[in-house]
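All remarks here apply to the structure that follows.
The values are calculated or read from the model by the stated rules, or taken from the named source; none is laboratory data. Note that the structure is predicted; figures quoted are calculated from it, not measured. Side chains are part of the model used for accessible areas, which takes the heavy atoms of the whole protein and leaves out ligands, DNA and RNA. Shrake-Rupley method; radii C 1.70, N 1.55, O 1.52, S 1.80 Å.
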Amino acid sequence: MNKSKRPFTKSKRSFRRRLPPIQSGDRIDYRNMSLISRFISEQGKILSRQVNRVTLKQQRLITIAIKQARILSLLPFLNNQKQFER
């Protein structure tokens, strides 16, 4: 018996690789608000590493930068304005 083409081959789907959120030139710093604000939710919480798609080292640096920005009042600790809109 001659096998003609494999019946169970993987389909060759083309997919775009997601661009990393942090490029090599970006500095993770508490003053870089345009970068830091991408990693905070609507409520002001720090997003998880799986959601951010960053490495463990980058996530640690992001967390430290966010906390420093909060202490220096560049970022709010909470952003729950919906409660006060009555």
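Please quote Rg/Rh for region 14-86 to two decimal places, taking the Kirkwood radius as Rh and restricting both calculations to Cα atoms.
Answer for region 14-86: 1.04.
Given a 1.4 Å probe, how much area per residue of region 22-78 is accessible, in Å²? Don't jump to the answer; show the numbers that get you there.
On the way: 4030 Å² over 57 residues.
Result: 71 Å² of accessible area for each residue.
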